[in-house]
Amino acid sequence: MKLPEDVVIPEDKLVRYLLLPREENDKSQFLGIAGYTLGTWEVLARDLHDLAKTYEISAKAISLYGIKWEVQGSLTGPNGQVLYVVTVWITLEASGETRFVTLFPDKERHG
């Protein structure tokens, strides 16, 4: 099973969270390995959308707000470097919309 084609990837989630250096839970350095930066957030959005369309759902959990999904896959960044990631999505109970939540390195594939 795959996520719906019309997943939503909020710009704010990328530019104010994932690609912004943070004191805790910093993901910008990891994404930077593949050349993803604030200046290339649209490339990351496109690549995440492609990942959602390409890979099967690997896990499912019921939450207070809807159904959370995990999709494992790879992103090939602007510099050609491949990152193996676990992405988290939620289908909101209120609206039925499936939105990107976060990603983290796939430790099983990155070591």
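The values are calculated or read from the model by the stated rules, or taken from the named source; none is laboratory data. In this text, all values refer to a predicted model and were calculated from it rather than measured experimentally. Counting neighbours? That spans all protein chains shown, and the Cβs are built from the backbone with ideal geometry, glycine included. Keep in mind that these areas ignore ligands, DNA and RNA; they rest on the heavy atoms of the full protein, side chains included. Shrake-Rupley method; radii C 1.70, N 1.55, O 1.52, S 1.80 Å.
Consider the stretch 38-76. How many of its residues are closer than 16 Å to I9 by Cα, free of Cβ contacts under 8 Å to residues at least 60 places away in the same chain and among the β-branched types (V, I, T)?
Filtering the stretch 38-76 down to residues closer than 16 Å to I9 by Cα leaves 38, 40-54, 68-71, 75.
If we keep only those that are free of Cβ contacts under 8 Å to residues at least 60 places away in the same chain as well, we get 38, 40-54, 68, 70, 75.
Then drop every residue that is not among the β-branched types (V, I, T), which leaves 40, 43, 54.
Residues that pass the stated criteria total 3.
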Quiz item: Of the residues in the stretch 14-39, how many are surrounded by fewer than 17 Cβ atoms within 10 Å (Cβ to Cβ) and among the aliphatic types (A, V, I, L, M)?
Solution: 4
Exercise. Considering each residue of the stretch 72-95, count those that are more than 17 Å from K27 (Cα to Cα) and in contact with a strand residue (DSSP E or B) (Cβ under 8 Å, 6 or more places away or on another chain), and give that number.
Key: 5
Practice problem: Can you work out which of the residues in the stretch 40-91 that are hydrophobic (A, V, I, L, M, F, W, C) and open to solvent by 70 Å² or more (accessible area, probe 1.4 Å) is farthest from the chain's Cα centre (by Cα)? | Solution: L64
Practice problem: May I ask you to verify whether D106 is charged (D, E, K, R), closer than 14 Å to V7 by Cβ, within 12 Å of the chain's Cα centre (by Cα) and open to solvent by less than 60 Å² (accessible area, probe 1.4 Å)? | Solution: no
Quiz prompt | In the stretch 5-40, the residues that are closer than 16 Å to T91 by Cβ, assigned to a loop (DSSP other than H, G, I, E, B) and at pLDDT 95 or above | solution = D6, V7, I9, P10
Exercise. Run W89 past the list (1) under 20 Å from P10 (Cα atoms); (2) touching a helix residue (DSSP H, G or I) at 6+ places or on another chain (Cβ under 6 Å) and report the number of the one that doesn't hold.
Key: (2)
